[in-house]
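Accompanying notes for the structure given below.
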Amino acid sequence: MVEPRVPGRFRKTPENFTCENCGVSVAGNGYTDHCPKCLYGRHVDIMPGDRSEKCRGMMKPVHAFYKDGSYTISYRCLKCGIERRFKAAPDDNTELLLSLLK
Ligand SMILES: [Zn+2]
Ligand SMILES: [Zn+2]
């Protein structure tokens with residue numbers, strides 16, 4: 001049985017990937033931009049979600065902060081050194097997230 005889907009303006013592309021840092025398999029839900037276990041991400045976006053960045057370096061979580069009811073993680077790309085911020089996902093590793101808060 002197929003669930004009826006309402007066509008939306010936004011198209012999300014679920015991507016499953018294997019984390020290159022810790023090797024865990026991540027089932028993407030279309031918003032997943034980092035590993036929920038080690039919180040590493042990849043430098044794949046120029047604008048959030050566009051996946052058009054050619055760098056593809058690993059993004060290391062360096063710092064996290066809590067603002068307006070949600071966590072944000074600061075990243076630094078290990079390849080090109082760019083810094084980015086991403087919102088933490090609900091299934092992210094809370095212990096690791098909290099350890100980045102200071
Ligand atoms: Zn990982
Ligand atoms: Zn990069």
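What's the number of the condition Met59 fails, among (1) within 21 Å of Phe17 (Cβ to Cβ); (2) away from ligand 1 (no atom under 15 Å from the Cβ); (3) part of a strand (DSSP E or B)? Met59 satisfies every listed condition except (2). Scan segment 38-52 for residues that are modelled with pLDDT of 95 or more and either among the hydrophobic types (A, V, I, L, M, F, W, C) or surrounded by fewer than 17 Cβ atoms within 10 Å (Cβ to Cβ) (or both) and the total you get is 2. If the condition is being touching a residue at least 24 places away in the same chain (Cβ under 8 Å), surrounded by 15 or more Cβ atoms within 10 Å (Cβ to Cβ) and basic (Lys, Arg), then segment 73-101 contributes only Arg84. Taking into account only those residues within segment 23-36 that are in contact (Cβ under 8 Å) with a residue 40 or more places away in the chain and crowded, with 17+ Cβ neighbours inside 10 Å, which is farthest from ligand 2 (Cβ to nearest atom)? Per the criteria, the residue is Pro36. Scanning segment 7-21 for residues being modelled with pLDDT of 70 or more, exposed (fewer than 13 other Cβ atoms within 10 Å of the Cβ) and either more than 14 Å from the chain's Cα centre (by Cα) or more than 10 Å from ligand 1 (Cβ to nearest atom) (or both) gives a total of 2.
Whenever a residue of segment 51-66 is under 19 Å from Lys37 (Cα atoms) and in contact (Cβ under 8 Å) with a residue 24 or more places away in the chain, its partners that are hydrophobic (A, V, I, L, M, F, W, C) and more than 16 Å from ligand 1 (Cβ to nearest atom), lying with C-beta atoms within less than 6 angstrom and at least six residues away or across chains, give the pairs Ala64/Leu101. Of all residues in segment 10-56, exactly one satisfies the criterion of being touching a Pro at 6+ places or on another chain (Cβ under 8 Å), of a type in the set (Gly, Ala, Ser) and in a strand (DSSP E or B), namely Gly41.
The values are calculated or read from the model by the stated rules, or taken from the named source; none is laboratory data. Just so we're clear, the structure is a prediction, and the values are computed from it rather than from any experiment. When we count neighbours, we look across all protein chains shown, and the Cβ atoms used for this are built from the backbone with ideal geometry, even at glycine.
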